[in-house]
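Bear in mind these aren't lab numbers, they're just calculated from the coordinates by the rules spelled out. Given the structure is predicted, the values throughout are model-derived calculations rather than measurements. Cβ sites come from the backbone with ideal geometry, for glycine too, and all protein chains shown count toward neighbours.
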Amino acid sequence: MLEERGNARGEPGSEDLSVTGEPERGGPFQMAGERLVPFSGMERILIGLDADQCVAVTTTEGPVLVVAGPGSGKTRVLTHRVAYLIGSGRARPWQIVAVTFTNKAAREIRERLGGLLGTESAQLVQAGTFHSLCVRILRRDGYRIGLEPAFTIYDEEDQLALVKQALRDLGLDPQRFSARMLLGRLSRAKNDQHSPSDLQSMAQSYWDEVAARVYERYAQYLQRAQAVDFDDLLLRTVELFTEYPDVLAHYQDRWRYLQVDEYQDTNRLQYQLVRQLASGHRNLCVVGDPDQSIYSWRQADIRNILEFQRDFPDATVIRLGRNYRSTPQIVAAADAVIRVNRQRIERPLWTENPPGPPIRLLACWDEQQEAEMVVSEIDSLVRTGNARYRDIAVLYRINAQSRSVEEALVRRQIPYQVIGGVRFYERKEIKDALALLRVLVNPRDWLSLRRVLSETVFGRGIGEKTLLQLEQWGQRQQCSPADVLLLLVEEREEAPALAAATVRRLRELGGELVRLRAAMVEHPASQLFDLALERSGLAARYRDASDPTERERWENLVQLRSVLERYDTVPAAEGLPLFLEEAALVAAIDEAEMSGDQVTLLTLHAAKGLEFPVVFLIGVEEGLLPHARALESEAELEEERRLFYVGITRAKERLYLSYCSSRNRFGLHERSIPSHFLDDLPPDVVERVGGRGWSASAHVSSSIEDRAPVATGGTVPVMPRLRAGQRVFHPRFGDGFVVAVREKAGDQEVTVQFKRHGIKTLLASLAKLVVEE
DNA sequence: CCGTTCGAATTTTTT
DNA sequence: ATTCGAACGG
């Protein structure tokens with residue numbers, strides 16, 4: 001699918017190329033001659049691009065930096081550049097690498113390329129995230145640095161478990177040393193390519209000492225489990241390339257043209273990787289926007305883009321400043337906001353799009369009313385034919401903000417999807433099933449084995465004590481606990497000093513694992529999954545549960561199985577590693593469903609790179625945007641402002657900003673004031689909504705009488721006596737009817753059959769049940 | 001060794 | 001408010 005948004009708006013056509021081309025730079029003019037030569041699709045590749053975009057597409061040799069403002073056709077340039085490389089015969093598809101920020105972006109590039117070149121070529125282009133690229137490299141060549149092809153990828157939960165384990169082993173109090181904070185230190189150390197001993201020798205405080213020692217243990221654990229964390233995927237690839245120049249040479253030779261998207265959000269390790277891969281041919285094109293750098297907390301280093309010209313003095317620099325996405329009002333607002341940042345290279349931002357409606361600023365009482373206003377506006381936009389649900393996004397700073405909006409959407413029965421939050425692959429039951437599969441693929445993954453033992457019937461009769469024995473015994477034998485089990489089955493090893501019954505259990509368990517591993521060779525992944533779920537008792541536990549939330553977990557497992565089926569063309573032994581890789585590396589946004597007609601709810605971070613005709617940016621309040629935890633330094637504050645900028649620039653036509661005067665934080669009503677970022681908006685593009693009469697009631701403490709009528713929209717909140725048979729509404733579970741009521745110490749315990757969420761038992765005083773008359 | 005219960009902490013953003 | 005961990009009792 002070729003997006004021809006530009007043409008529809010009368011973007012400059014091909015005649016512009018001949019006017020503004022710069023032949024001496026190898027620009028479009030020169031290429032204009034060339035595109036008449038053999039390849040017939042070249043016109044299609046260059047047509048509809050403006051002069052700057054054209055230069056970016058056709059400057060194929062040597063280092064190129066594209067500084068691309070929001071909506072300036074960055075993805076388009078990237079895609080067309082790749083197509084141009086292939087179309088002009090400069091490169092074969094597999095010689096081109098396009099590194100994207102998410103898997104979704106990679107998919108999109110491949111799809112669009114398919115439209116330009118045909119799907120066969122498009123599939124051969126190496127498009128993916130740094131992390132997925134590194135997995136491929138390490139699976140193939142990692143054995144050189146002691147990494148088996150079956151290695152496991154640990155997510156943050158696994159990482160935290162390891163840090164906590166390390167703390168326990170070192171006899172340190174996990175209460176005193178926050179595992180999360182330590183993990184942050186380890187990540188920074190890895191990004192600076194510091195080893196545990198580097199950290200040790202640089203230590204300036206007790207904390208540094210602790211961090212160094214934890215790091216040492218942590219790294220040992222990973223190695224023992226044949227596992228890597230997210231940083232390791234990058235770090236160990238850099239190590240591989242450094243230690244084995246022949247391996248690096250192989251990839252340099254294969255990947256002749258490198259494209260890196262969202263370059264402003266790369267970290268030092270990614271930068272190293274880019275340098276290594278590009279150091280031979282130097283055909284490197286990085287695309288990014290320093291003003292949209294919003295991931296410094298994940299070690300992204302804005303210097304990578306700011307200092308690109310220092311690293312590559314001969315780089316061609318191309319600036320894309322014209323915005324094809326948004327109305328002049330939105331562009332003006334964005335420009336005014338970002339201008340306030342001091343750490344910034346000033347850059348023009350403009351559009352020639354026709355004006356649209358003003359930006360609307362909604363003043364609300366609390367998040368319920370905010371949600372109500374947003375949702376009723378959504379409703380009216382759709383009813384008047386000004387938008388479809390899929391054109392609309394609700395953006396917020398933190399995931400918790402989605403809740404009030406979700407409740408309001410459910411009330412109006414408006415279809416929606418939430419991106420992020422509790423991600424699918426992070427759910428407990430999914431992680432349990434994944435741990436099972438991980439152990440089968442990589443028996444040395446003792447962390448997953450531990451999870452299997454504690455969460456499934458495989459662990460029945462085997463507790464913490466036995467596991468400890470097993471681990472110690474394994475360590476003496478230089479093998480993993482799972483290996484120990486396998487050895488026990490083969491009776492090649494004397495059992496450790498344990499009760500006879502326990503040894504019998506261990507042998508049984510070993511037998512289960514051996515059988516499942518054998519099945520892996522013969523059966524496809526989904527069948528192995530069924531088998532593993534049955535044998536481990538996970539199936540029985542969730543499928544046959546009476547509790548509806550447990551059964552919901554079963555539904556999730558069934559859904560997981562359907563993902564697995566995609567790998568069924570090969571035996572599980574081959575398919576499972578690929579599936580586990582996918583499971584480990586999917587981004588929240590990768591799961592977005594763009595085909596249905598539904599409103600999208602997502603964080604500002606997740607919204608990066610996306611655009612919507614209608615955007616609601618909610619909770620523009622001091623402490624939330626900018627977030628309270630980002631007020632330490634000027635640099636952090638500037639990043640928050642960039643986040644606001646990213647949010648504004650997602651909107652094509654209509655932008656709504658909202659804030660509340662009171663917000664429920666921690667179950668307490670807290671006063672909230674509008675974000676000072678709002679002061680930077682040009683007054684002439686903003687229309688204020690609400691606030692009249694509202695400000696008068698604002699300094700009256702926000703009592704229930706003030707708020708109740710607005711928030712509930714017609715129905716009345718009640719805590720009167722409930723009776724069986726009544727129809728009720730719950731903000732989260734929707735419609736239902738009361739099955740039973742039990743009097744309980746001045747309160748009522750109600751059992752409700754919900755239409756969509758099954759049977760729940762709730763306390764009348766706590767559940768916000770509304771009786772429908 | 002396992003399950004339950006009570007208390008505490010959690011809320012920034014995520015490959 | 002929910003979820004996770006520790007402690008306790010069976």
(message) Compute the distance from the alpha-carbon center of region A:286-350 to that of region A:425-482, in whole Å.
(response) 47
(request) Would you work out if region A:531-580 is rounded, prolate or oblate? Take a ≥ b ≥ c from the square roots of the eigenvalues of the alpha-carbon gyration tensor; rounded if a/c is under 1.5, else prolate when a/b is larger than b/c, oblate otherwise. (result) prolate
(request) Calculate, for A:R476 and A:Q223, the FRET efficiency according to 1/(1 + (r/R0)^6) with r their C-beta to C-beta distance and R0 22 Å; round to the nearest 0.05. (result) 0.80
(message) Starting from the 7 Å offset along Cα-to-Cβ, what nm value, one decimal, do you get for the label separation of A:S195 and A:V521?
(response) 3.9
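If the chain between A:E243 and A:E534 were fully stretched, how many nm would it gain, using 0.36 nm times the residue separation less the Cα-Cα distance? Present the calculation step by step, with values, prior to reporting the outcome.
On the way: separation 291, 0.36 × 291 = 104.76 nm, distance 4.50 nm.
Taking 0.36 nm per residue and subtracting the Cα distance, the gain is 100.3 nm.
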(message) Give me the dipole magnitude in Debye, nearest 20, for region A:38-106 about the Cα centre, with unit charges on the beta carbon: positive for Lys and Arg, negative for Asp and Glu.
(response) 260
(request) Just check region A:642-682 against the gyration tensor rule for me: Cα atoms, a ≥ b ≥ c as the square roots of the eigenvalues, rounded for a/c under 1.5, and otherwise prolate or oblate depending on whether a/b exceeds b/c. (result) prolate
(request) Decide, for region A:220-304, between rounded, prolate and oblate: order the square roots of the alpha carbon gyration tensor eigenvalues as a ≥ b ≥ c, take rounded if a/c falls under 1.5, and otherwise choose prolate if a/b is larger than b/c, else oblate. (result) oblate
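Relative to the present Cα-Cα distance, how much length would full extension add between A:R275 and A:D379 at 0.36 nm per residue of separation?
Details: separation 104, 0.36 × 104 = 37.44 nm, distance 5.03 nm.
Residue separation times 0.36 nm, minus the Cα-Cα distance, leaves 32.4 nm.
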(message) Can you order the peptides A:344-357, A:86-99, A:426-439 by their average number of other Cβ atoms within 10 Å per residue, highest first?
(response) A:426-439, A:86-99, A:344-357
(request) Find how much the distance from A:M202 to A:V457 grows on full extension, using 0.36 nm per residue of separation minus their present alpha carbon separation; answer in nm with one decimal. (result) 87.2 nm
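Quick one: if the Förster radius is 25 Å, what FRET efficiency do A:H627 and A:E565 give, using the C-beta to C-beta distance and rounding to 0.05?
Numbers: r = 41 Å, r/R0 = 1.64.
Efficiency computed from Cβ-Cβ geometry: 0.05.
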(request) May I ask for the distance between the Cα centers of region A:604-644 and region A:112-182, given as a whole number of Å? (result) 28
(request) Using a 10 Å cut-off on Cβ atoms, rank the peptides A:127-137, A:195-205 from the highest mean neighbour count down. (result) A:127-137, A:195-205
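If you rank A:H676, A:H605 by fewest surrounding Cβ atoms within 10 Å, what's the result? If you can, show how the numbers build up before the last one.
On the way: A:H676 13, A:H605 20.
Fewest-to-most ranking of A:H676, A:H605: A:H676, A:H605.
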